[in-house]
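Peer 1: I'd like to ask you about the structure that follows.
The values are calculated or read from the model by the stated rules, or taken from the named source; none is laboratory data. Just so it is clear, the structure is predicted and the values come from calculations on it, not from any experiment. Neighbour counts are summed over all protein chains in view; Cβ atoms, including those assigned to glycine, are modelled from backbone coordinates with ideal geometry. Keep in mind that these areas ignore ligands, DNA and RNA; they rest on the heavy atoms of the full protein, side chains included. Shrake-Rupley method; radii C 1.70, N 1.55, O 1.52, S 1.80 Å.
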Amino acid sequence: MAKKGMANVENRFSVIETGTGIYELTIDSEVRESTKVYVTDEPVVLSANKRFLLETTEKQITIRENFNTRPYFIIENVRESYIIGTRNLPVEGMNNFRDMGGYEGKDGKHVKWGVLYRSDQPGNATEKGLDYLNSLGLQTIIDYRSSEEMAKYPSPIFPENTRTYHLDPNAHTAELSAQFQSSKEEEDVNLIASITEQQKKGALVDRYDIVMEQYHNFVTKGQSKQAFREMLKIIAQPGASAIDQHCRGGKDRTGFGAMLVLGLLGVSKADIIADYMLTYSNRLARNEAKMANYRNITQDESILNYLYSLIETRPEFIEASYERIIQEYETIEEYVKQELSVTPEEIAQIQAFYLE
């Protein structure tokens, strides 16, 4: 990845696909220097397949090319070499599929690209989107959804060499669980009816309290700990990667699972929160459509505000889980060892597999 001691990849180099075949690269360097840019189809800086694209002294570069496979870009100057990829991936039909690679981790190493993904439910993918998913060589799918969710929103059929594990943390509060018990067609109507009934009885709690409770449940609830214990033991196995963790929207359950993995890899709190908050921008259009549908059912602003809190992404949500762990165990690694019974050997394997 990068040489030890170098600044965070995420802050110094980035690439965003702003349109089909349009890649915007940012090279944040303190000095104006000549930089060579290569492209490769494998996420390693010493790729034998790299192809020269251009040499420039500019800090903002636009590359226009339709690549047959997912591109990774190698940035080289006289001092260093880095590899970067797009974090959000263009899986048609999905709005929150992304790569957790590139973050600075333990001992100056970085999280490998192309091995740790997080997403919304793959059943959203179109046929074209599924072809893209299959091109990533996924070996392991961690599905955090309940049996009711899976029945309503079945997953696609992946290749035979892709193993799927169903690990339901069951950390939802009663309010958040209500929508999962309904049919797909009646889900929104029944959820609003449940909230309206609570409001009439004066039993509607502060709308953010229930979300914060869920994030505490991730840390403390027995079934939740069992699910995330199994997840970590799975990804510690040789041959598990590439891995996609997903729930329904890729925010809460997936957000906590991603936090544990990145935390074990030594990623900073700031980068863990930044990774979590990508869900906010990724789901803006989806949330607007969701709220428009809610407004077709009710015009009560207090209920609409309550509903928005259930789909909103805020840094304090994941911070609630993070701080609960730090206050009681000092580090995510200690929490994982003490509460999830993940062994030091398994933690070492995870760090060896996913850092470079």
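Peer 1: What are the extents of the Cα atoms of the stretch 90-138 along their three principal axes, in Å, largest first?
Peer 2: Result for the stretch 90-138: principal-axis Cα extents of 41, 18, 13 Å.
Peer 1: Using only the alpha carbons of the stretch 38-157, determine the length spanned along each of the three principal axes and report them from longest to shortest in whole angstroms.
Peer 2: Cα spread of the stretch 38-157 along its principal axes, largest to smallest: 55, 36, 26 Å.
Peer 1: Over the stretch 207-275, what is the relative contact order in whole percent, taking alpha-carbon pairs under 8 Å and six or more residues apart?
Peer 2: It rounds to 22 percent for the stretch 207-275.
Peer 1: List the residues whose amide H sits under 5 Å from the amide H of residue 144, counting only those 5 or more places along or on another chain, with H placed 1.01 Å from N in the peptide plane.
Peer 2: HN-HN under 5 Å from residue 144: 167, 246, 247.
Peer 1: Sort 346, 316 by accessible area with a 1.4 Å probe, largest first. Write down the numbers at each step before the final one.
Peer 2: Details: 346 40, 316 70 Å².
Putting 346, 316 in descending order of accessible area: 316, 346.
Peer 1: Pick out, from 309, 273, 299, the residue whose Cα sits farthest towards the positive end of the charge dipole of the stretch 256-356, with +1 on the Cβ of Lys and Arg and -1 on the Cβ of Asp and Glu.
Peer 2: 299
Peer 1: Need one value: the accessible area of residue 70 in square angstrom, 1.4 angstrom probe, rounded to the nearest 10.
Peer 2: Residue 70 exposes around 20 Å² with every protein chain in place.
Peer 1: Could I ask something else about it? What number results when the radius of gyration of the stretch 248-356, computed over Cα atoms, is divided by 2.2 N^0.38 Å?
Peer 2: Compactness ratio reported: 1.32.
Peer 1: Taking +1 at the Cβ of each Lys and Arg and -1 at the Cβ of each Asp and Glu, which of 169, 255, 46 sits farthest along the dipole of the chain towards its positive end, judged by Cα position relative to the Cα centre?
Peer 2: Positive-end residue among those listed: 46.
Peer 1: For the chain, find the longest principal axis of its Cα atoms and tell me its angle to the long axis of helix 207-220, 0 to 90°, nearest 10.
Peer 2: For helix 207-220, the angle is close to 70 degrees.
Peer 1: Considering the Cα trace of the chain, what is its radius of gyration and what is Dmax, both in angstroms?
Peer 2: Expressed in Å, the Cα Rg and Dmax of the chain come to 21.1, 69.
Peer 1: While we're looking at this one, here's another question. Go through the stretch 62-77 residue by residue and turn each phi into a ³J(HN,Hα) via Karplus (6.51, -1.76, 1.60, θ = phi - 60°); whole Hz please, and just put x for glycine and proline.
Peer 2: Per residue, the Karplus-derived 3J(HN,Hα) values read 10, 10, 10, 6, 8, 8, 6, 10, 4, x, 10, 10, 9, 9, 10, 9 Hz.
Peer 1: Could you give the accessible area per residue of the stretch 34-148, probe 1.4 Å, as a whole number in Å²?
Peer 2: 41 Å²
Peer 1: Charges only on Cβ, +1 for Lys and Arg, -1 for Asp and Glu: so what's the dipole of the stretch 205-296 about the Cα centre, in debye to the nearest 20?
Peer 2: 220 debye
Peer 1: Quick one: compute a quarter of the convex hull surface over the Cα atoms of the stretch 17-71 and quote it in nm². The partial results should precede the final answer.
Peer 2: Working: hull surface 16.5 nm².
Value for the stretch 17-71: 4.1 nm².
Peer 1: Note down the magnitude of the dipole of the chain about its Cα centre, charges +1 on Lys and Arg C-beta and -1 on Asp and Glu C-beta and zero elsewhere, to the nearest 20 debye.
Peer 2: 440 debye
Peer 1: Taking the Cα centroid of the stretch 91-145 and of the stretch 321-348, what is the distance between the two, rounded to the nearest whole Å?
Peer 2: 24 Å
Peer 1: Only Lys, Arg, Asp and Glu count, each charged at its Cβ (+1, +1, -1, -1), so figure out the dipole size of the stretch 60-173 about its Cα centre, rounded to 20 debye. Working shown, then result.
Peer 2: Numbers: 13 positive and 15 negative charges, 54 e Å.
My answer is approximately 260 debye.
Peer 1: Using a 1.4 Å probe on the protein chains only, how many percent of the accessible area of the chain belongs to carbon and sulfur?
Peer 2: Heavy-atom surface of the chain belonging to carbon and sulfur, 1.4 Å probe: 48 percent.
Peer 1: Placing +1 on the Cβ of each Lys and Arg and -1 on the Cβ of each Asp and Glu in the chain, which of 245, 227, 329 has its Cα farthest towards the positive end of the resulting dipole?
Peer 2: Working it through, the farthest residue towards the positive pole turns out to be 245.
Peer 1: Follow-up. Using only the Cα atoms, work out Rg/Rh for the stretch 191-243, with Rh taken as the Kirkwood radius, to two decimals. Mind showing how you got there, number by number?
Peer 2: On the way: Rg = 17.7 Å, Rh = 14.0 Å.
My calculation puts Rg/Rh at 1.27.
Peer 1: If you don't mind, another one. What base-10 log of the normalised intensity I(q)/I(0) is obtained for the stretch 295-341 from the Debye formula, alpha carbons as equal point scatterers, at q = 0.13, 0.14, 0.15, 0.20 Å⁻¹?
Peer 2: -0.50, -0.53, -0.56, -0.69
Peer 1: Continuing with the same structure: Kindly express, to the nearest 10 degrees and within the range 0 to 90, the angle between helix 187-200's C-alpha long axis and the longest C-alpha principal axis of the chain.
Peer 2: The two axes meet at around 50 degrees.
Peer 1: Helix 253-264 against the longest principal axis of the chain: what's the angle in degrees, Cα atoms only, rounded to the nearest 10?
Peer 2: 40 degrees
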